[in-house]
Every structure is written in C-alpha cells, then in structure tokens.
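The values are calculated or read from the model by the stated rules, or taken from the named source; none is laboratory data. Just so it is clear, the structure is predicted and the values come from calculations on it, not from any experiment. Note that each Cβ is placed from the backbone with ideal geometry, even for glycine, and that neighbours are counted across all protein chains shown. Just the protein is used for accessible areas: all its heavy atoms, side chains included, with ligands, DNA and RNA removed. Shrake-Rupley method; radii C 1.70, N 1.55, O 1.52, S 1.80 Å.
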Amino acid sequence: MLLRQERIALILLVSVAVVVVSAHGVLTLMGKPAFAHPFTNQSAEGELVVIEGTVERATVLENGGHLTLLVRNTTIFIPASAAGNLIVHNGDSVVAYGIVQTYRGKKEIVISAPEDIRITTIP
C-alpha cells in the first residue's frame with residue numbers, strides 16, 4: 001500500500017505524462033506549417049522556414065542520389081532519404097518546409113522528410 005505522499009506523487013506523474021502526450025498529439029496534428037516562417041535572407045540558422053516558388057534548376061547529385069533545387073535564388077537540399085521517388089522538372093511549382101543551414105558560406109534550406117515538400121507540375 002502506498003503512503004499518502006507516494007499516491008500524490010504518482011497522480012502528479014501520471015497527470016504530467018498525460019499532458020505531455022496530449023501536447024505532442026496536438027502539435028503533430030498542427031504540423032510544420034503552423035510554426036514555419038517565410039524564408040528570407042535574414043532567416044536564422046536552424047530556423048524552420050517555408051519557401052514557395054518555381055523551380056529554376058533541379059539537379060540530382062552524383063554522390064548518393066541527393067537532390068538540389070534552385071527556387072527564388074535559394075538552394076533547397078533534399079537528401080535521398082527524403083527525395084524518394086520525387087520527380088522534379090524546371091518550371092514546376094514547389095512548396096517546401098525545411099531548416100535553414102549554411103553550406104559553403106551560403107544559406108540553404110534542408111528538407112528532412114518527404115511530406116515536407118510538395119511539387120506541382122506545370123504543363
């Protein structure tokens with residue numbers, strides 16, 4: 001049998017666990033769009049951003065099948081694990097959510113999952 005303080009501690013622990021799990025579920029349902037800021041040249045390293053525009057150049061990298069897109073003069077890096085079977089052409093419309101990182105002195109957006117990028121082919 002638990003003492004009074006132990007019962008209170010156990011109730012508090014279970015309550016906190018329920019709140020954390022509920023908050024995780026709500027934040028997951030809200031998704032990245034609720035937290036992403038539009039990308040600008042002033043976007044901070046590590047910031048979650050969204051960029052929309054037209055693909056100016058799409059390149060498959062020779063070392064591992066990674067993909068880079070040039071959109072609004074900004075590089076979007078899509079690792080092979082996130083690119084999957086993604087097919088992109090110059091002129092396609094793109095909406096991408098990613099993290100700002102600096103590569104060779106220039107800011108780029110790194111995509112982490114396939115659901116973070118939407119491509120619309122323009123006929």
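Observations, loosely collected:
- Flag if L2 is surrounded by 14 or more Cβ atoms within 10 Å (Cβ to Cβ) and either more than 18 Å from the chain's Cα centre (by Cα) or not in a strand (DSSP E or B) (or both): no
- Test result for V20, touching a Leu at 6+ places or on another chain (Cβ under 7 Å) and surrounded by 10 or more Cβ atoms within 10 Å (Cβ to Cβ): no
- Among residues of region 33-87, those that are assigned to a strand (DSSP E or B), more than 16 Å from D116 (Cα to Cα), of a type in the set (S, T, Y) and open to solvent by less than 40 Å² (accessible area, probe 1.4 Å), counted: 1
- Boolean, R7 is among the basic types (K, R), open to solvent by 60 Å² or more (accessible area, probe 1.4 Å) and more than 30 Å from K106 (Cβ to Cβ): yes
- Qualifying residue in region 100-119 (condition: over 20 Å from E45 (Cβ atoms), assigned to a loop (DSSP other than H, G, I, E, B) and open to solvent by 70 Å² or more (accessible area, probe 1.4 Å)): no
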